[in-house]
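Notes to accompany the following structure.
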Amino acid sequence: MNKTSAKDIVELNFSVILISSAAVLVRFIPLNPTQISFWRGVIAFITIGIVMLIKKTSFRISSKNDRARLFTSSVLFALHWISYFYALQVSSVAIGMLSLFTFPVITAIIEPIYFKTKFNKRHLILAVLVFIGLYVMAPEINFENNSTKGIVSGVLSGLFFALRNLTMKSNASKYKGSVLMFYQFLFIGILFCPFLFLNEKSQTIKFMPYILCLGIFATAIGHTIFVKSLKKFEVTTASIIASSQPVFGIFMGLIFLNESPNTQTVVGGVLIISSVFIEIYTKNKTE
């Protein structure tokens with residue numbers, strides 16, 4: 001691991017801020033989640049493709065099994081996006097992001113089932129902590145309530161994201177992140193192309209500046225800088241800093257959208273984020 005500098009720390013935090021801005025941008029764009037997914041995927045696909053061509057990166061996925069896994073993970077990634085965008089649109093930045101960030105604990109619970117390894121009892125305790133956090137955020141299950149819709153959709157998004165990451169794990173050790181993301185963004189663009197006609201073109205054109213920022217800065221550049229930062233930091237350190245995304249997102253929501261989370265959301269969010277920090281810290285100690 002290379003020695004980190006102040007510049008490296010700034011770059012890592014800057015990437016997290018860029019990624020966090022996606023939640024606020026989605027709240028600004030009043031299009032269907034499928035359309036936002038299409039434009040975000042296509043713009044990121046073009047951006048990463050240009051960079052790969054400049055760097056002369058190989059686009060080849062050699063194995064049939066690798067291609068099948070990439071396709072499966074792309075489907076899960078698409079489901080993650082639309083459920084996350086829906087959660088943000090029906091509730092708030094705070095509820096959408098905090099609900100999504102149940103995914104590290106969801107991953108810890110389903111990973112032993114996925115890879116047929118021993119289950120850790122600690123993860124059951126963390127799951128209870130997350131459940132309490134979600135309950136505090138929405139003490140009653142009422143699907144006419146936007147907060148409930150946002151939480152359920154956000155947790156579903158976290159589940160899809162966890163499954164996508166576990167499915168990607170094998171391919172991630174064989175191929176560059178840019179290659180895998182290139183194909184995932186391409187697939188998302190193709191999958192959601194039929195939904196382009198749900199809104200009038202004037203609506204899309206009107207909000208194109210936000211869509212471009214979402215695809216280029218919050219997606220392509222943000223994730224590229226974050227992946228690059230992993231070379232300078234321990235994965236645990238990078239993961240803990242990445243877990244501050246809801247904090248950055250909520251702060252930006254407060255500034256740009258005047259969304260102030262209530263006490264229930266703050267308390268529930270603290271419980272959820274605490275479970276993430278405990279999992280990352282404990283896993284690092286055992287390793």
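The values are calculated or read from the model by the stated rules, or taken from the named source; none is laboratory data. The shown structure was predicted, so the numbers you read here are calculated from the model rather than taken from an experiment. Quick reminder, even Gly has a Cβ in these numbers, built from the backbone with ideal geometry, and neighbours come from all protein chains shown.
Things worth noting here:
- Filtering the stretch 135-145 for residues that are over 20 Å from the mean Cα position of the chain (by Cα) and aromatic (F, W, Y) leaves a non-empty set.
- Scope the stretch 107-151; condition closer than 16 Å to G268 by Cβ, of a type in the set (V, I, T) and either modelled with pLDDT of 85 or more or touching a Lys or Arg at 6+ places or on another chain (Cβ under 9 Å) (or both); matching residues: V128, V130, I132, V136, T148, I151
- Selection status of A68, buried (at least 18 other Cβ atoms within 10 Å of the Cβ) and either closer than 23 Å to K174 by Cα or small (G, A, S) (or both): no
- Restricting the stretch 30-61 to residues that are out of contact with any Gly (no Cβ under 8 Å at 6 or more places or on another chain) and crowded, with 24+ Cβ neighbours inside 10 Å, the residue that is nearest to Q89 (Cα to Cα) is I36.
- In this entry, G189 is excluded by the filter for residues that are surrounded by 18 or more Cβ atoms within 10 Å (Cβ to Cβ), of a type outside the set (D, E, K, R) and within 16 Å of Y84 (Cα to Cα).
- Considering residues of the stretch 42-59 that are in a loop (DSSP other than H, G, I, E, B) and touching a residue at least 24 places away in the same chain (Cβ under 8 Å) only, the residue nearest to M168 (Cα to Cα): F59
- Here D8 clears all of (1) under 24 Å from S157 (Cα atoms); (2) part of a helix (DSSP H, G or I); (3) in contact with a Ser or Thr (Cβ under 9 Å, 6 or more places away or on another chain) except the condition numbered (1).
- Matching option when the condition is modelled with pLDDT of 85 or more and under 16 Å from L98 (Cβ atoms), among E259, E279: E259
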